[in-house]
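The values are calculated or read from the model by the stated rules, or taken from the named source; none is laboratory data. Keep in mind it's a predicted model, so treat the numbers as computed, not measured. Using ideal geometry, Cβ is built from the backbone for each residue, glycine included, and neighbour counts are taken over all protein chains shown. The area values use the complete protein model at the heavy-atom level, side chains included, leaving out ligands, DNA and RNA. Shrake-Rupley method; radii C 1.70, N 1.55, O 1.52, S 1.80 Å.
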Amino acid sequence: MKVLLKLVSAVAVIVAAASVTFFAQLAVPGDRATTLMNLQTGQDRKWTDAELAPVNAQFGFKDPIVVQYLHYVGGLFHGDLGTSYTQKRPVTEVIGGQLLPSLTLTVSALAVAWLLALAGTLLTARRGRFLSGLGAAWEALTASLPHYWVGVVLLVVFAVQLRTFPIIGGTSAWGSVLPVLTLAIPLAGFLGQVTRDEFEQVLAQPFVTTARTRGMSDLGVRLRHVLRHAVLPAITLSGWALGALVAGAVIAENIFGRPGLGQVLVTAVNTRDVPTVSGIVLVVAAIYVVANLLVDLAYAIVDPRLGATR
């Protein structure tokens, strides 16, 4: 029953996002048929009703709003996100060709952020005033850094000056290091702050003292007992982070000239390709939904008792 409710909730979120994007299209200033004709012809002028008639008929711009809305939302359940104004291809094809590089970048960044956050917490939490303060200060600093600033600094230092990494990285493993770090460093600060607070509270629990009296090493206590409880709040944050990283990937992809949804989105915005922009918004919303379902699964793995109550 809970699984069914979660699926219904997920569908409701997607429909709500689709509704927002649909009415956002209607709110764009200007006549949609005129805008499309200007894009296709490279001109900027008014068109007669007869000249606009084929465009209105093709896209249904003259249909009642309710009919257009039902057609748009109904198309989602058939994988139809509309047709790109500029590329004259289904939006699913436009997005689908660039989705994998963006997902690879975001998932890699999330994994690296987790590694950085856990390493910082394990090595500095409750390790003395200096190390603990240093770790907390580093997390606060990195969490406040905007992605574009991190990306530009990494690009200038490691690609332009030191020439350690390529300026235009593409999708190679070596060329992906700087884009991944651009997204991972600020997120690691957030994850580290949440994990550290919980980690230090768990270290003060009686069962930790019991484990130490049984002869377990400090590292063993931290890894086997404390870490499992301390990561639960950060797991919740990861559900939000995965969707946010997709949005952040737009910045990283444009800074480092990588293929992905970022390049598609910037081009679509510049050319007022509203169906493509709306399609990307829906993809990001779907990723948020999937990420939250994965969070529930992660809870069940880390602590089955918590997973059963979510």
> For segment 127-246, what is the accessible area per residue in Å², given a 1.4 Å probe and the full set of protein chains?
Replying inline: 52 Å²
> If we sort 51-59, 182-190, 206-214, 285-293 on the protection proxy, mean other Cβ atoms within 10 Å, highest first, what's the order?
Replying inline: 182-190, 285-293, 51-59, 206-214
> With every protein chain present, what accessible area does VAL157 have (1.4 Å probe, heavy atoms only), rounded to the nearest 10 Å²?
Replying inline: 50 Å²
> When Lys and Arg each count +1 and Asp and Glu each count -1, what net charge do the other residues less than 11 Å away from TYR85, Cβ to Cβ, add up to?
Replying inline: +3
>> Suppose the chain between VAL107 and THR210 were pulled fully straight at 0.36 nm per residue; how much longer would it get relative to their current alpha carbon spacing?
In response: 33.3 nm
> Considering only protein heavy atoms, what is the solvent-accessible area of ARG272 at a probe of 1.4 Å, reported in Å² to the nearest 10?
Replying inline: 100 Å²
>> Probe radius 1.4 Å, ligands and nucleic acids ignored: give me the carbon and sulfur share of the accessible area of the chain as a rounded percent.
In response: 68 percent
>> Just to be sure I understand the curve: with the Debye formula and one point per C-alpha of the chain, what is log10 I(q)/I(0) at q = 0.13 Å⁻¹?
In response: -1.02
> If you take the beta carbon distance between ALA137 and ASN254 as r and set R0 to 25 Å, what does 1/(1 + (r/R0)^6) give as a FRET efficiency, to the nearest 0.05?
Replying inline: 0.25
> Within segment 44-74, whose backbone N sits under 16 Å from a point 7 Å along Cα→Cβ of ASP31?
Replying inline: 44-63
> What residues have an amide H closer than 5 Å to that of THR83, excluding those fewer than 5 places away on the same chain, when H is modeled at 1.01 Å from N in the peptide plane?
Replying inline: VAL91
> Taking the simple approach of a point 7 Å from Cα along Cα-to-Cβ for both LEU4 and ARG228, what is their distance in nm?
Replying inline: 3.3 nm
> Taking only protein heavy atoms and a 1.4 Å probe, what accessible area per residue, in Å², does segment 1-91 have with all protein chains in place?
Replying inline: 63 Å²
>> Give me the extension gain from LEU293 to ALA24: residue separation times 0.36 nm, minus the current Cα-Cα distance, reported in nm with one decimal.
In response: 94.1 nm
> So what's the gap between the Cα centers of segment 258-301 and segment 1-75, to the nearest angstrom?
Replying inline: 18 Å
>> Connecting C-alpha atoms closer than 10 Å in a GNM of the chain, tell me which of LEU134, LEU100, LEU70 has the biggest fluctuation.
In response: LEU70
> For LEU178, what charge total do you get from the other residues with a beta carbon under 15 Å from its beta carbon, if Lys and Arg give +1 and Asp and Glu give -1?
Replying inline: +1
> Which whole DSSP H helices in the chain pass both tests: a Cα extent of 20 Å or more along the axis and a mean Kyte-Doolittle value no lower than 0.5?
Replying inline: 2-27, 91-124, 129-143, 177-203, 232-255, 274-302
